[in-house]
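**Student:** Have a look at the structure that comes next, please.
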Amino acid sequence: QVQLVESGGGLVQAGGSLRLSCAASGRSFSGYAMGWFRQAPGKEREFVAAINWSGGNKYYADSVKGRFTISRDNAKNTVDLQMNSLKPEDTAVYYCAASSRGLTARERAYDYWGQGTQVTVSS
C-alpha cells in the first residue's frame with residue numbers, strides 16, 4: 001500500500017504560480033512512477049504530467065507543456081508539480097497518483113491515488 005497526500009493548492013490570479021507537493025508513505029516510493037491528474041467541474045479527470053521512478057524521464061500533457069514541471073525526491077518520498085503562467089482553464093482538483101507499470105498517461109495504470117487539492121485560477 002502507498003498513501004499519498006497532496007498539498008499546496010489554493011487561489012491564484014491568472015499568470016501566477018503554484019507549487020503542488022505530494023507526500024508518499026508506505027511501500028517503496030522509488031519503485032513507482034508518479035503522475036499528476038486533474039479534474040475540472042463537470043469534466044472527466046485528465047492527465048497532466050508523469051515522471052518515472054528515477055526522475056530521468058518526464059511526460060506532459062500538451063496543455064501544460066512549457067508551463068508545468070514535475071519533479072521528485074526519492075529521499076524525501078515526494079513528488080512536486082511546479083505550475084507557472086497559470087490560466088483560468090487550469091482550475092481543477094489536482095490528484096497525485098502512483099503507478100507500478102512505469103511512466104504512463106493512462107489513468108487506469110495508476111494503483112494509488114491521493115485525495116486531491118483544489119487549484120483555482122482567477123481571471
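The values are calculated or read from the model by the stated rules, or taken from the named source; none is laboratory data. What you are looking at is a predicted structure, and each value in this text was computed from that prediction instead of being measured. Neighbour counts run over all protein chains shown; Cβ positions are idealised from the backbone, glycine included. Heavy atoms of the whole protein, side chains included, go into the accessibility calculation; ligands, DNA and RNA do not. Shrake-Rupley method; radii C 1.70, N 1.55, O 1.52, S 1.80 Å.
**Student:** Can you run phi through the Karplus equation (6.51, -1.76, 1.60; θ = phi - 60°) for the range 60-70 and list ³J(HN,Hα) in whole Hz, with x for Gly and Pro?
**Tutor:** Coupling constants for the range 60-70: 10, 5, 4, 5, 10, 4, x, 10, 10, 9, 9 Hz.
**Student:** Just to confirm, what accessible area per residue do you get for the chain at 1.4 Å probe, in whole Å²?
**Tutor:** Computed with neighbouring chains in place, this is 51 Å² per residue.
**Student:** Determine the sum of side-chain charges near GLN39: Lys and Arg each +1, Asp and Glu each -1, restricted to other residues whose C-beta is under 14 angstrom from that of GLN39.
**Tutor:** With Lys, Arg at +1 and Asp, Glu at -1, the neighbours total -3.
**Student:** Could you identify which residue out of LYS87, LYS76, LYS58 has the top mean-square fluctuation in a GNM of the chain using Cα springs shorter than 10 Å?
**Tutor:** With Cα springs under 10 Å in the chain, the top fluctuation among LYS87, LYS76, LYS58 is at LYS76.
**Student:** Run through every distinct alpha carbon pair of the range 30-123 and return the Kirkwood hydrodynamic radius in angstroms, one decimal place.
**Tutor:** Evaluated on the range 30-123, it is 13.3 Å.
**Student:** Net charge near SER71: determine it from the other residues with C-beta under 13 Å of the C-beta of SER71, scoring Lys and Arg +1 and Asp and Glu -1.
**Tutor:** +2
**Student:** Tell me, what HN-Hα J-couplings in whole Hz come from the Karplus equation 6.51 cos²θ - 1.76 cosθ + 1.60 at θ = phi - 60° for each residue of the range 99-112, using x for Gly and Pro?
**Tutor:** With coefficients 6.51, -1.76 and 1.60, one gets 10, 8, 9, x, 5, 7, 9, 6, 4, 6, 7, 8, 8, 10 Hz.
**Student:** About the Cα centre, and with charges only on the beta carbon of Lys, Arg (+1) and Asp, Glu (-1), how big is the dipole of the chain? Nearest 20 debye, please.
**Tutor:** Numbers: 14 positive and 10 negative charges, 39 e Å.
Approximately 180 debye in magnitude.
**Student:** Per residue, what volume in Å³ does the Cα convex hull of the range 38-92 take up?
**Tutor:** For the range 38-92, the hull spanned by Cα atoms encloses 88 Å³ per residue.
**Student:** Note down the net charge around GLN115, summing +1 for each Lys or Arg and -1 for each Asp or Glu among other residues with Cβ under 14 Å from its Cβ.
**Tutor:** That sum, taken over residues with Cβ under 14 Å, equals +1.
**Student:** Calculate the translational D of the range 1-65 in whole µm² s⁻¹ from Stokes-Einstein, where the hydrodynamic radius comes from the Kirkwood formula applied to all Cα pairs, the temperature is 20 °C and the viscosity 1.002 mPa s.
**Tutor:** 157 µm²/s
**Student:** For the chain, which whole-number percentage of the solvent-accessible area (1.4 Å probe, protein heavy atoms only) is attributable to carbon and sulfur atoms?
**Tutor:** Numbers: 2810 of 6260 Å².
Using a 1.4 Å probe with all protein chains present, the chain comes out at 45 percent carbon and sulfur.
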